[in-house]
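Working notes for the structure below.
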Amino acid sequence: MAKVDLKPLSLAELKSLKLRVEKAISRHDKKQKNKALAVVKAKAKEMGFSLDELTGGTSAKKPAAKKPAKAAYRHPDDASKTWAGRGARPLWLKDALKSGKSLEDFKV
């Protein structure tokens, strides 16, 4: 590899160069991963399998996002205020329970 003289560069030029190098590394890594994935998929197909069958999941995809839990309790006057029954009770529900209401009064 050729030596690059960085001494004459300003701080701004060095930072710019750093960003360009980081982007180039990222692009290179992505390209190499895609090549490797294509080779593995082709080999799996050659042997009569999909990559998903061999790995037990979705290949090269992010895990599916969890769906929020359905509302189990709803504020009587404001339908936008709900609670799924998980985590800390919302303030509106705590206040209602303190005033003598029952949890069943808010059941959806």
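At a glance:
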read-out: Degrees, to the nearest 10: 11-46 long Cα axis against longest axis of the chain; value: 80
read-out: Convex hull of Cα atoms in the range 11-55, direction-averaged projection (nm²); value: 3.4
read-out: The chain - mean residue ellipticity at 222 nm from DSSP helices (-39,500 (n - 2.57) per run, n ≥ 4, rounded to 500); value: -15000 deg cm²/dmol
read-out: Sequence-distant aspartates and glutamates (8 or more away, or on other chains) whose Cα lies within less than 19 Å of residue 43; value: 52, 53
read-out: Residues 1, 47, sorted so that the one with the fewest Cβ neighbours within 10 Å comes first; value: 1, 47
read-out: √(5λ) per eigenvalue of the Cα gyration tensor, the chain, largest first, Å; value: 54, 30, 8
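No lab work stands behind these numbers, since they all come straight from the coordinates. The structure presented is a predicted model; accordingly, all values stated were derived computationally and were not measured. Virtual Cβ from ideal backbone geometry, glycine too; neighbours counted across all protein chains shown.
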